[in-house]
Amino acid sequence: MKYIIALDQGTTSSRSVLYNARLEKIDQVQKEFTQHFPRPGWVEHDADEIWETQWETLRTLIERNGVKRENIAALGITNQRETVVAWDTRTGKPLARAIVWQDRRTAAFCQALKRKGAEAAVRRKTGLVLDPYFSGSKMNWLLKNDPAVRKAAAEKRLAFGTMDSWLIHKLTGGNRHVTEAGNASRTLLMDIRTLAWDKSLLKLFGVPAASLPEILASDAMFGEATLPGLEGVRINGVAGDQQASLFGHRCFTAGSLKNTYGTGCFLLRNIGAKYAAPPKGLLGTVAWTLKGKTTYAHEGAVMIGGAAVQFLRDGLKIIEDAAQSETLAASLPSNEGVYFVPAFAGLGTPHWDPDARGLIIGLTRGSTRAHLCRAALESIAYQSLDLCRAFGGAIKSLNVDGGASQNRLLMQFQADITGAEVRVNRSHEVTALGVAMLAALGCGLVPSQQELLKLDLRLDIFKPAMQAGPRKLLVDRWRKAVKRSMRWAD
Ligand code: ADP
């Protein structure tokens, strides 16, 4: 009996998922961790807490299923992308809190680079835009503002990494400082064509080359675990969460696409083996590097998707759990004119405005928490509609997954507002499955991608049922609300 274990290190929780050799899910353990918001627009994670929750879920999974070390064919890692961890190579300990992808503290720095005219070259080289979202400006901030990071850099004991690097560092007892190409393509520091750190970009962001990990293919041998009970187990597949989901949906051919409804929403379309510059508002990214061949994707990114619901739960405290948002929203026949633009972390595709901020508009004396729930859920669908539009052309069907895709009202509204058939993966966990597939290929448990196409993934299908007229009225109003949220924190 052989197993694959996927470590799925998301923005809000760490998960470990056990698969058998046929890539059927056997069990899963999940643990949420703390979100730190030390100042408006700042979002941090404690890298130690992330590791502890990840390790706890892995240990529990192994113990409660009686999994023996020798039966684990490989570990796969999928992770929240762009978030930056800085650690000390001598002690192996974090030097600062991790700066999360949603964090906006480097907006002014990015703006200054734009004013210097740096954006065109950066976009040509990386496929990205100069936005605080990506890792490079976060590393620059730590080097400039955190004395411990600066000192470690001066003494050549600084390691930077995205979450994949940090987990591999912890799993291998500090033996390996490596990253995966798709993750590296989100830093603003890697040349997307050569898959190597680029000297001029390192200079632009002031990041010393010695602090960066080695870039490896998605199916590489990333290292061997040294943890008690896992000694010698190979890490054989790594991908950022959105890339892993694209793979899990088996979007293997150019043109195939998926949208994930997690903390944010991310629509990725496979563009094949040849890199092409993305259309305006979209990003170019490495999808994966597999068996020596790189596949690229175009991507649209929404910063706050399911996190809008989390805000209702934890910020406003008007719901007990995420699922309650559906019951309350369904108690209304429509949004009754209330719109919520959750631009807490600025806006991504297609606006790329780091200074946009959240707004709720259209409130009347009759407005209740049900209106806020309805408007929050609808905002996830409107933002995803804007992603679809940025890709151009009509999208007839959309493969989807992620925590918020469990919300049936949201999925039906998504179908209505886009006019596309929405195909929801019933497991809602395509990210973990995707990296389990990569690890299974990496360690040879599954011989080829063709084999993966035979897996039977079960779907719930939502068909559009709204007329064009009412749809247009709703979307026009949404556009108006978005305009009012923009450049607020400028
Ligand atoms: P991540 O990998 O980014 O941590 P997940 O795919 O685990 O995200 O999804 C978690 C997100 O999904 C949270 O932001 C949560 O608010 C949202 N979510 C979970 N269940 C529901 C639901 N029933 N309705 C709406 N949103 C939900």
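The values are calculated or read from the model by the stated rules, or taken from the named source; none is laboratory data. These numbers come from a predicted model, not from an experiment. Glycine also receives a Cβ, built like all others from the backbone with ideal geometry; neighbour counts cover every protein chain displayed. Protein only, heavy atoms only, side chains kept; ligands, DNA and RNA dropped before computing areas. Shrake-Rupley method; radii C 1.70, N 1.55, O 1.52, S 1.80 Å.
What tally of residues in the range 8-39 results from selecting those that are closer than 21 Å to residue 442 by Cβ, in a loop (DSSP other than H, G, I, E, B) and in contact with a helix residue (DSSP H, G or I) (Cβ under 9 Å, 6 or more places away or on another chain)?
The total comes to 2.
Are any of the residues in the range 229-236 closer than 28 Å to residue 160 by Cα, buried (at least 21 other Cβ atoms within 10 Å of the Cβ) and under 15 Å from the mean Cα position of the chain (by Cα)?
Scanning the range 229-236 turns up no residue that is closer than 28 Å to residue 160 by Cα, buried (at least 21 other Cβ atoms within 10 Å of the Cβ) and under 15 Å from the mean Cα position of the chain (by Cα).
Looking at the range 257-271, can you tell me whether even one residue there is in a loop (DSSP other than H, G, I, E, B), in contact with a Leu (Cβ under 9 Å, 6 or more places away or on another chain) and on the phi < 0 side of the Ramachandran plot?
No.
Consider residue 331 against the criteria (1) surrounded by fewer than 21 Cβ atoms within 10 Å (Cβ to Cβ); (2) at pLDDT 95 or above; (3) in contact with a strand residue (DSSP E or B) (Cβ under 8 Å, 6 or more places away or on another chain): it satisfies all of them except one. Which criterion is unmet?
(3)
Can you tell me how many residues within the range 223-280 are within 30 Å of residue 175 (Cβ to Cβ) and either without any contact (Cβ under 8 Å) to a residue 60 or more places away in the chain or among the aromatic types (Phe, Trp, Tyr) (or both)?
5
Could you tell me whether residue 124 is closer than 29 Å to residue 246 by Cα, open to solvent by less than 20 Å² (accessible area, probe 1.4 Å) and touching a residue at least 24 places away in the same chain (Cβ under 8 Å)?
Answer is no for this residue.
For residues that are among the acidic types (Asp, Glu) and more than 13 Å from the ligand (Cβ to nearest atom), tally how many sit in the range 290-335.
So the answer is 1.
How many of the residues in the range 451-462 are surrounded by 11 or more Cβ atoms within 10 Å (Cβ to Cβ) and either more than 27 Å from residue 406 (Cβ to Cβ) or not β-branched (Val, Ile, Thr) (or both)?
Residues that pass the stated criteria total 7.
Test residue 372 against the stated conditions and say whether it is open to solvent by 10 Å² or more (accessible area, probe 1.4 Å), in contact with a strand residue (DSSP E or B) (Cβ under 7 Å, 6 or more places away or on another chain) and in a helix (DSSP H, G or I).
In short, yes.
Given 385, 377, which one is out of contact with any Leu (no Cβ under 8 Å at 6 or more places or on another chain) and open to solvent by less than 50 Å² (accessible area, probe 1.4 Å)?
385
Report, by residue number, each residue of the range 165-190 that is under 22 Å from residue 56 (Cα atoms) and either open to solvent by 10 Å² or more (accessible area, probe 1.4 Å) or not aromatic (Phe, Trp, Tyr) (or both).
Correct list: 165, 167, 168, 169, 170, 171, 172, 173, 174, 175, 176.
For the range 400-439, how many residues are of a type in the set (S, T, N, Q), surrounded by 24 or more Cβ atoms within 10 Å (Cβ to Cβ) and more than 10 Å from the ligand (Cβ to nearest atom)?
2
May I ask you to say which residue of 12, 89 is surrounded by fewer than 20 Cβ atoms within 10 Å (Cβ to Cβ) and at pLDDT below 95?
12
In this structure, does residue 287 turn out to be of a type in the set (Gly, Ala, Ser), crowded, with 21+ Cβ neighbours inside 10 Å, within 16 Å of the ligand (Cβ to nearest atom) and farther than 16 Å from residue 408 by Cβ?
no
Just give me the residues in the range 476-490 being under 14 Å from residue 385 (Cβ atoms) and either within 26 Å of the chain's Cα centre (by Cα) or exposed (fewer than 11 other Cβ atoms within 10 Å of the Cβ) (or both), in sequence order.
Across the range 476-490, the qualifying residues are 476, 478, 479, 481, 482.
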